[in-house]
Every structure is written in structure tokens, then in C-alpha cells.
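The values are calculated or read from the model by the stated rules, or taken from the named source; none is laboratory data. Small disclaimer: the values here were computed from a predicted structure and weren't measured. Cβ atoms come from the backbone with ideal geometry, glycine included; neighbour counts cover every protein chain shown. Each accessible area value is taken on the protein alone, full model and side chains, heavy atoms only, with ligands, DNA and RNA left out. Shrake-Rupley method; radii C 1.70, N 1.55, O 1.52, S 1.80 Å.
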Amino acid sequence: MTAATTEPRVLASGTLDGLSALVTGAGSGIGRAVTQRLVQLGAHVTGLGRHEDSLKETGDLLDGPGGYDHRVCDVRDTEAAAAALVEVGESRGLGLLVNNAGGQFFAKALDISVNGWNSVLDLNLTSIFHLTKAAHPYLARTHGSVVNLSLSGVERGGMGMAHSIAARAGVLGLTRTLALEWATDGIRINCVGPGTVLTHALNDEASDHVLGNLVHKATPMQRPTPTADVAELVAFLASPAGALMTGQLLQIDGGAHLGAGLHMLPEAYR
Ligand SMILES: CCCCCCCCC/C=C/C(=O)SCCNC(=O)CCNC(=O)[C@H](O)C(C)(C)COP(=O)(O)OP(=O)(O)OC[C@H]1O[C@@H](n2cnc3c(N)ncnc32)[C@H](O)[C@@H]1OP(=O)(O)O
Ligand SMILES: NC(=O)C1=CN([C@@H]2O[C@H](COP(=O)(O)OP(=O)(O)OC[C@H]3O[C@@H](n4cnc5c(N)ncnc54)[C@H](OP(=O)(O)O)[C@@H]3O)[C@@H](O)[C@H]2O)C=CC1
């Protein structure tokens, strides 16, 4: 078996025993894979999302010693999301918040309306600020951590994603600032930036042509990022091995952040 196909599971079973985690967007894609891995490693995960059926399906697919429950909630409703988090924090404590819910539509900047801009900023930046702030007292008690799902190339820019890149750059600034402000509270906060992850959501948003070019031309290693690789990295950051990791952006992208990026696909984004 080559390194390219080896299962990325390197953390020992029991690594996250007793950890209470909240994962937003746990009903599909990366959020589901993160939930599965955390539960395998012994954590209890509360999954948040807007659709009960997909959150339930995540629960049905779990296989591990940890536990799982879910709350239906739109993270853009910042009061409802904070209330769900407080409920978790009060009932079982909180050692990990994974801000994974996110996304955007692909459009050139000139075609993004005020409403379109606001909807993407609300989802990918504002909701994260409020939920993370609500988590502070619980994370301070457990010396816990936050992982924010970001994007490969967030420090560079990306065609067709002005709103999303701006929001994620904001999250990176927030991450680095909270890493400083909360360090003495024992709370760590990091960003994980995947490259192209072939989830259903991305397949729906991008054409086959764009997807093929993202993987084969914009990614030096010419491989998509498996959800399991992202999940292992999130689990590592939550584990004792990540105890001194804070304020980081870890791009797990086959080198995509070093490459030419989306501007090589003008036919798709202009
Ligand atoms: C280098 C390689 C490294 C690799 C780099 C990595 C490459 C892949 C990067 C990322 C991959 C992923 O994120 S994959 C995950 C993808 N999943 C998604 O993106 C799905 C999530 N998307 C959404 O949920 C929605 O699109 C979301 C953004 C939140 C908006 O939801 P809302 O319910 O608020 O949306 P609506 O009410 O329908 O619309 C709000 C406004 O947005 C406008 N709007 C909606 N779609 C629009 C469109 N296509 N073009 C213009 N405008 C649009 C509408 O017209 C409205 O504006 P008005 O008309 O003015 O009212
Ligand atoms: N796929 C990719 O190539 C990449 C993805 N990313 C980022 O990783 C994260 C996960 O992506 P991916 O798994 O592909 O996407 P998915 O669309 O599969 O997952 C997003 C999840 O978030 C939930 N969600 C969306 N909006 C809201 C909301 N307003 N409130 C609560 N939950 C919400 C969705 O569930 P529901 O609809 O039920 O609410 C869904 O389960 C996103 O932030 C994405 O932008 C980053 C780099 C690359």
C-alpha cells in the first residue's frame, strides 16, 4: 500500500476519552467525518445543523465508544446557536468546538449583491464569532480548544469567492487574536484549511470541469483531500499532542496553497 492510499488514522483509540465536543454542520461531508473520528476516539459529539434527517443519519453511521446527539439549529441565528451551545456546556461541559458549517456560491465579485455578501459573511464569519464567544466559559473550565474550518489559499485569494475568502480571512484574524487573548485561559484556537474535498456539496456547486482542474491543475500533488485526513487533523489538534498548537492555519491540500489557484480557471469564474 502506498502512502497515498494509507488510512490516515494514527491516533490511538481512547485518545479523546471523556472529551465533549460540539461540531457544526455534522450532517454531511467534513463535519460528518470529523464527528465519526471523534466518536471513534472516545469523544461525545453534539452535532448541529439545519436538517434533522442528515444529523440523524450521521448518528446511524457512527461506530465507536464515544457518544452522539444532535440539535437542529441555523448557526446564522446566533442566539439560537449560542443557546444550543450553552445547553451542551451546562449538561456535559465542552472541551472542543469545531466551527465547520459553512459554504458559499461561486460568483465573480461584481455579481455578488448586498444580500449575497451578507449571507456568506453571516455564515462563515459572524456566526463563528458569536458561537466561539459563547463557548469561552466552558472551554476555560476544561482548557479546551476550537478548530475553525477554513480554506486552502485563504491568505492568497480565490477567483469567484470574494465573499467567502474575505470571511475566512476574517476568521483567521479572529483565530490569531483569540489565540493571544485566551492563551492564559488555557484555550487554544486553530484553523484547518482543506484543499478540494469531493463532498456532495462541492460536486453540486462546481462543474465537473472545475473540479477536475482543481484537483489536477491547481493541486501540486494532484489528489483531492479525503474527509478522513481532515478529521484526523482536527482530532490531533484536540488531543494532548496538540497541546501547544494555537493560532495556526494548517492547510491540508496537497500543496494547493502554493500553486496558481483558481485564477487558472477563468472560463469558470469570469
Ligand atoms: C486552489 C485550489 C485550492 C482549493 C480551494 C478549495 C476549493 C473549494 C472551496 C470550497 C468548497 C466548499 O465550501 S464546499 C461546501 C459547499 N457548500 C456550499 O457552498 C453550500 C452552501 N451554500 C449555501 O448554503 C448558500 O449558498 C449560502 C451561501 C449560505 C446562501 O444561503 P441563503 O439561504 O442565504 O441564500 P439565498 O437566500 O438563496 O441567497 C442569498 C443571496 O445570495 C444570492 N446568490 C445565491 N446564489 C448566487 C449565485 N450563484 N450567484 C450570485 N448570487 C447568488 C441570492 O441571489 C441572494 O441575493 P439577492 O438576490 O440579492 O437577495
Ligand atoms: N468541500 C471542499 O472542497 C471544502 C470545504 N471547505 C469548508 O469545509 C466546511 C464543510 O464543507 P463540506 O463538508 O464540503 O460541506 P457540506 O455542505 O457537506 O457541509 C456543510 C454542513 O454545514 C451545514 N450547514 C450549512 N449551513 C448551515 C447553517 N446556516 N446552520 C447550520 N448548519 C449549516 C450543512 O447542513 P444543513 O444543510 O443540514 O444545515 C452541512 O451539513 C465548510 O465550511 C466548507 O466551506 C473548505 C475547503 C474545501
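Before moving on, here are some points about what is shown:
- If you go through segment 156-177 and pick out every residue that is crowded, with 19+ Cβ neighbours inside 10 Å, over 30 Å from Thr142 (Cα atoms) and either near ligand 1 (Cβ under 10 Å from one of its atoms) or of a type in the set (S, T, N, Q) (or both), you end up with 6.
- Filter result for Gly153 (open to solvent by less than 20 Å² (accessible area, probe 1.4 Å), more than 23 Å from Gly259 (Cβ to Cβ) and either part of a helix (DSSP H, G or I) or in contact with a His (Cβ under 6 Å, 6 or more places away or on another chain) (or both)): no
- Which listed residue is of a type in the set (A, V, I, L, M), part of a helix (DSSP H, G or I) and within 10 Å of ligand 1 (Cβ to nearest atom), from Val215, Val197: Val215
- Subset of segment 3-57 [within 16 Å of ligand 1 (Cβ to nearest atom), of a type outside the set (A, V, I, L, M, F, W, C) and in a helix (DSSP H, G or I)]: Gly29, Gly31, Arg32, Ser54
- Residue satisfying all of: in segment 104-143; surrounded by 15 or more Cβ atoms within 10 Å (Cβ to Cβ) and either at pLDDT below 95 or within 7 Å of ligand 1 (Cβ to nearest atom) (or both); farthest from the chain's Cα centre (by Cα) among these: Ile112
- Whichever residue in segment 178-220 is within 15 Å of Met159 (Cβ to Cβ) and open to solvent by 70 Å² or more (accessible area, probe 1.4 Å) and, among such residues, is nearest to the chain's Cα centre (by Cα): Glu205
- Residues of segment 221-249 that turn out to be open to solvent by 40 Å² or more (accessible area, probe 1.4 Å) and not hydroxyl-bearing (Ser, Thr, Tyr), as a count: 13
- Close pairs (7 angstrom Cβ cut-off, 6 or more residues apart or separate chains): over 8 Å from His163 (Cβ atoms) in segment 107-126, open to solvent by 90 Å² or more (accessible area, probe 1.4 Å) anywhere: Lys108/Arg270; Asp122/Arg76; Leu123/Arg76
- Within segment 13-52, considering residues that are in contact (Cβ under 8 Å) with a residue 24 or more places away in the chain and exposed (fewer than 15 other Cβ atoms within 10 Å of the Cβ), the one nearest to ligand 2 (Cβ to nearest atom): His51
- Screening segment 108-135 for residues that are assigned to a helix (DSSP H, G or I) and among the hydroxyl-bearing types (Ser, Thr, Tyr) and picking the one that is farthest from Gly173 (Cα to Cα) gives Ser119.
- Considering the conditions (1) of a type outside the set (Gly, Ala, Ser); (2) within 12 Å of ligand 2 (Cβ to nearest atom); (3) under 22 Å from Ala33 (Cα atoms); (4) modelled with pLDDT of 95 or more, Val88 is excluded by exactly one of them, (2).
- Options Ala83, Ala101: the member that is surrounded by fewer than 15 Cβ atoms within 10 Å (Cβ to Cβ) and among the hydrophobic types (A, V, I, L, M, F, W, C): Ala83
- Single residue of segment 53-69 satisfying the filter (open to solvent by less than 80 Å² (accessible area, probe 1.4 Å) and near ligand 2 (Cβ under 10 Å from one of its atoms)) that is farthest from Gln40 (Cα to Cα): Ser54
- Matching entry among Arg168, Arg176 (being within 14 Å of ligand 2 (Cβ to nearest atom) and either at pLDDT below 95 or in a helix (DSSP H, G or I) (or both)): Arg168
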